[in-house]
Ligand code: GDP
Ligand code: MG
């Protein structure tokens, strides 16, 4: 590689749950994106920055692309993910080993229309007993003519990610770096704190609250050595509020303890976290309510 700087945008796309956010975290080497077994965990396009020598990749994690239902939140998620494809330099579509679904094919349709360099990452190969089983899938993917490169990986186990990084970095266009080499995201500490609370919420009550909960940060104050954070969990119904709080407040307390530990690790400072739960009927079905909550 020469001394000329290279810099470009890389989008991670794919149907929900294939491992895009896990991949972003392992590519930048720190936990940026929240993950869970629940689809719709990722709601925002989040930028991770990976700098290696003269190349800087600005990696966008996207909400999963899938068949848009009728609800406003669903439409928002699909719009954010597909609009990213218009203006990135490299697209990495993540699929799961062996199993290619209709939703995967739907995403490929969008990817095929993008002018970006197109790469397919076959994730979760750690779940295979025999790697030879991948060969027919790799051939079938090649035959589609959509992807220039197909790279089997395990995002979770860090397997073959060096190869994926090399393939991506080699495709970035010449251009000056946009971030200092030690910066790993464009998001504020305040934003990251809200996402961490949401992750703990999704992990503890995700099955009972598919779309209906979101988190806003009302206060974020740094005082001598301690950061005081006020966060509100918004739900749609009284019954959901009761689920989040749990009997005797036990569930809310454990969400708060887990979140505080992660936020302290992220900020490298002591944190005092106060959590509130509020009922706001019908917010996720309503576009203007979505905008007020910051999804625009
Ligand atoms: P996203 O919806 O595409 O962003 O998927 P996530 O990154 O949130 O991951 C969805 C689930 O798949 C989580 O439970 C991850 O731990 C799991 N996962 C992600 N990558 C791998 C992998 O390489 N191997 C295995 N076995 N599981 C993975
Ligand atoms: Mg995700």
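Rule-based calculations on the coordinates, nothing more; no lab input. This is a predicted model, so every value here is computed, not measured. Glycine also receives a Cβ, built like all others from the backbone with ideal geometry; neighbour counts cover every protein chain displayed.
Between 0 and 90 degrees, rounded to the nearest ten: what's the tilt of helix 102-112 against the longest Cα principal axis of the chain?
Once rounded, one gets 60 degrees.
Got a sec? Which residues in region 1-33 would a label at residue 189 touch, if it sits 7 Å along Cα→Cβ and we count backbone N under 19 Å?
30-33
At 222 nm, what value in deg cm²/dmol follows for the chain if DSSP H runs of at least 4 each add -39500 (n - 2.57) and the sum is divided by all its residues, to the nearest 500?
That comes out to -10500 deg cm²/dmol.
Antiparallel as a % of all DSSP beta bridges within region 189-292, to the nearest 5?
Here the antiparallel bridges make up roughly 45 percent for region 189-292.
I want the antiparallel fraction of DSSP beta bridges within region 6-169, as a percent rounded to 5.
Within region 6-169, antiparallel bridges account for around 25 percent of the total.
Just to be sure I understand: with springs between alpha-carbon atoms less than 10 Å apart, which residue in 234, 142, 50 has the highest mean-square fluctuation in the Gaussian network model of the chain?
Comparing 234, 142, 50 in the GNM, the peak value goes to 142.
Could you tell me which of rounded, prolate or oblate describes the chain, using a ≥ b ≥ c as the square roots of the eigenvalues of the alpha-carbon gyration tensor, with rounded for a/c under 1.5 and, failing that, prolate when a/b is larger than b/c and oblate otherwise?
The shape class here is prolate.
For the pair residue 179 and residue 224, what calculated FRET efficiency results from E = 1/(1 + (r/R0)^6), where r is the Cβ-Cβ distance and R0 = 51 Å, to the nearest 0.05?
0.95
For an R0 of 35 angstrom, estimate the FRET efficiency from the Cβ-Cβ distance between residue 160 and residue 250 and round to the nearest 0.05.
The formula returns an efficiency of 0.25 here.
Nearest 10 degrees, 0 to 90: what angle lies between the long axis of helix 250-267 and the longest principal axis of the chain (Cα atoms)?
Helix 250-267 and the main axis of the chain meet at about 50 degrees.
Only Cα pairs under 8 Å and at least 6 apart count here; give the relative contact order of the chain as a rounded whole percent.
19 percent
For region 112-270, what's the relative contact order in percent, using C-alpha pairs closer than 8 Å and at least 6 residues apart?
Worked out over region 112-270, it gives 16 percent.
Rounded to the nearest 0.05, what FRET efficiency do residue 129 and residue 261 give with R0 = 30 Å and r taken as the Cβ-Cβ distance? Could you check?
After rounding to 0.05, the efficiency reads 0.25.
Have a look at the DSSP beta bridges in the chain and tell me what percent are antiparallel, nearest 5.
Here the share of antiparallel DSSP bridges comes out near 35 percent.
Can you compute the modelled spin-label distance between residue 138 and residue 54, with each label point 7 Å from Cα toward Cβ, in nm?
Going from the residue 138 label point to the residue 54 one covers 3.0 nm.
Using the Cα gyration tensor of region 62-202, with a ≥ b ≥ c the square roots of its eigenvalues, what is the shape: rounded (a/c below 1.5), prolate (a/b larger than b/c) or oblate (neither)?
Since a/c stays below 1.5, the shape of region 62-202 is classed as rounded.
Name the shape class, rounded, prolate or oblate, that the alpha-carbon gyration tensor gives for region 168-223, where a ≥ b ≥ c are the square roots of its eigenvalues, rounded holds for a/c under 1.5, and otherwise prolate holds if a/b is larger than b/c and oblate otherwise.
Because a/c hits 1.5 or more and a/b fails to exceed b/c, region 168-223 counts as oblate.
By how many degrees, between 0 and 90 and to the nearest 10, does the Cα long axis of helix 189-205 differ from the longest principal axis of the chain?
Compared with the principal axis, the helix lies near 80 degrees.
Please compute the contact order of region 6-169 in relative form: average sequence separation of alpha-carbon pairs under 8 Å and at least six residues apart, divided by the residue count, as a percent.
Reported relative contact order: 24 percent.
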